[in-house]
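The values are calculated or read from the model by the stated rules, or taken from the named source; none is laboratory data. No experiment lies behind these values; they were computed from the predicted model shown. Every residue, glycine as well, gets a Cβ built from its backbone with ideal geometry; the counts of neighbours run over all protein chains shown. SASA here: full protein model, heavy atoms, side chains in, ligands and nucleic acids out. Shrake-Rupley method; radii C 1.70, N 1.55, O 1.52, S 1.80 Å.
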Amino acid sequence: MQQQNMNIQNQQGIMQQPPAVVSTKDSLYLTDMLSWNLLALKKAHFYAQQCQDQELKTQFEQCGQMHQRHYEQLLTHLNQQNQQNFMGMQ
């Protein structure tokens, strides 16, 4: 049963571990993800500043904080990858 599950996962292309090298396509996608999260963060912050309804203002602030966390997580992951790649070259 477990062997069958492993075969299905391999057929679907699910990786058990991320690759050591980020392809150009992956890099461009990650750059897009950073841009999307930064834009969403800025918009949520702007709308929270403009909002008169305290409940909506709180929701916009929480939304902005979520996008900021996602942005920071992506940066942290990318920085760790860069450091590992740099250390591997030395």
Revision key, fill the gap. Within the stretch 10-58, the residues that are open to solvent by 60 Å² or more (accessible area, probe 1.4 Å), farther than 30 Å from Asn79 by Cα and free of Cβ contacts under 8 Å to residues at least 12 places away in the same chain are Gln11, Gln49, Gln50, Gln52, Asp53, Gln54, Glu55, Leu56
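I'm trying to understand the selection: among the residues of the stretch 38-90, which are small (Gly, Ala, Ser) and modelled with pLDDT of 95 or more? It would help to see each step written out before you state the result.
Keep residues of the stretch 38-90 that are small (Gly, Ala, Ser), which gives 40, 44, 48, 64, 88.
Within the stretch 38-90, Ala40, Ala44, Ala48, Gly64 meet the criteria.
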Point to revise | Every residue from the stretch 23-43 that is farther than 20 Å from Met66 by Cα and either of a type in the set (Asp, Glu) or not in a helix (DSSP H, G or I) (or both) | key: Ser23, Asp26
